[in-house]
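Values quoted throughout were computed directly from the atomic coordinates according to the rules given, and no laboratory measurement underlies them. Since we're looking at a predicted model, the values are computed, not measured. Every residue, glycine among them, receives a Cβ derived from its backbone with ideal geometry; neighbour counts consider all protein chains shown.
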Amino acid sequence: MKGKTAVIVFSITGHSHRAASQLTEMLDATLIPLHAPKYTSGAFGYVRAAIDSLLQRCPLGPQSFSSLAEFDRVILCGPVWTSYPAAPLRAVLRGNFCLPASVSLFLTTGGRSPATKVFDVAARDLDRPLVACASLPNDVQGTGYKAQIYDRFVADLRTGESRMNKSAPAASDTFKASSG
């Protein structure tokens, strides 16, 4: 895949971090961890995460980046909380981080239920469609199904970006339309 890719990860238990590391390797990407000290492991951290998720609060403190404009593609990777993307992921989708046109979502989940609602919420937060989406159930570690999920996500990423490039006006067309 051409272009510079960032995989932005939020993980408390390590499952999402392992998934993000796999994507980073597959895509020759840069791994960027999200810092959200409000959400720690342990009962209090999990309760706080659930409450913020249910109340649609998406706080995110200072990060190691202020813009993602240097990347052609951003993949957000993290867990599902109460049927929503984790609050730190939603903060990036809603924030002012200069996200590129290609934004995708790779989630880790506690179950095998389709994550359709979660992806719809993320697209609404971003205010545009996601290029590719996948969910990795926690219980598929070490199975062939896990590899299929990664392979399908990468294929969807290629297909989605190909569609984007075909439907996007050429830079010269954009200039003509705005100057005309």
Legend entry - Hz values of 3J(HN,Hα) by residue in the stretch 22-34 - Karplus curve (6.51, -1.76, 1.60), Gly and Pro given as x: 5, 5, 4, 5, 4, 9, 6, 9, 9, 8, 10, x, 8
Inset, instruction - Based on the mean of other Cβ atoms within 10 Å per residue, sort peptides 94-102, 125-133, 142-150, 68-76 so the most packed one is first. - result: 68-76, 125-133, 94-102, 142-150
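What ranking, highest mean first, results for peptides 156-162, 7-13 when packing means the other Cβ atoms within 10 Å averaged over each residue? Don't skip to the end; give the middle numbers.
Values: 156-162: 16.1, 7-13: 22.0.
The packing order, highest mean first, is 7-13, 156-162.
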Legend entry - Note, ³J(HN,Hα) from phi for the stretch 75-92, Karplus 6.51, -1.76, 1.60, rounded to Hz, x at Gly and Pro: 10, 8, 10, x, x, 9, 10, 6, 6, 10, x, 3, 3, x, 5, 5, 4, 5
Legend entry - Simple spin-label estimate for ARG124 and THR30 in nanometres, 7 Å along Cα-Cβ: 3.2
Inset, instruction - Mind giving me the nanometre distance, one decimal, between the label points for LYS146 and SER162, set 7 Å out from Cα along Cα→Cβ? - result: 2.9
